[in-house]
Amino acid sequence: MIEEQTPKACPQTVPLAVDAKRLGSMLGLSVRTVRSMDSAGQLPRPVRLAGRSVRWSVDELRDWLKSGCPDRSTWERTRTGNGGRQ
């Protein structure tokens, strides 16, 4: 008798960083709103990868949300503990 094999569940991959589209989806915002918030300094500073590729760290976004979503300058001062200088 041949036993049917059930496929093993593929562990869901959690991204380390997300683009504006994925960030918008995570926050329930449009890409345009994400870009506007970024330009206005209302999001953590994104990381630029390979030229024009912009991503936000998922871990940093989680911490930022837990902290009440402060503006970028406040967030950077809070994160570095030295007035925003890294």
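Quick one: is Pro70 touching a strand residue (DSSP E or B) at 6+ places or on another chain (Cβ under 7 Å) and either in a helix (DSSP H, G or I) or modelled with pLDDT of 95 or more (or both)? The answer is no for Pro70.
Residues in the range 46-68 that are surrounded by 15 or more Cβ atoms within 10 Å (Cβ to Cβ) and touching a residue at least 24 places away in the same chain (Cβ under 8 Å): 6 in all.
Report yes if Gly24 is at positive phi and not aliphatic (A, V, I, L, M), otherwise no. So that I can check it myself, show each step before the final result.
On the way: at positive phi: no; not aliphatic (A, V, I, L, M): yes.
So Gly24 does not fit the description; no.
Within the range 48-69, being over 10 Å from the mean Cα position of the chain (by Cα) and over 15 Å from Arg79 (Cα atoms) holds for Arg48, Leu49, Ala50, Gly51, Arg52, Ser53, Val54.
State whether one or more residues within the range 38-49 are of a type in the set (Gly, Ala, Ser), farther than 20 Å from Thr80 by Cα and at pLDDT 95 or above. Yes, that holds for at least one residue. Just give me the residues in the range 13-39 being assigned to a loop (DSSP other than H, G, I, E, B) and either of a type in the set (A, V, I, L, M) or over 12 Å from Val54 (Cα atoms) (or both), in sequence order. Result: Thr13, Val14, Pro15, Leu16, Gly28, Leu29, Ser30.
The values are calculated or read from the model by the stated rules, or taken from the named source; none is laboratory data. Owing to the predicted nature of the structure, the values given are computational and were not obtained by experimental measurement. Note that we place each Cβ from the backbone using ideal geometry, even for glycine, and neighbour counts take in every protein chain shown.
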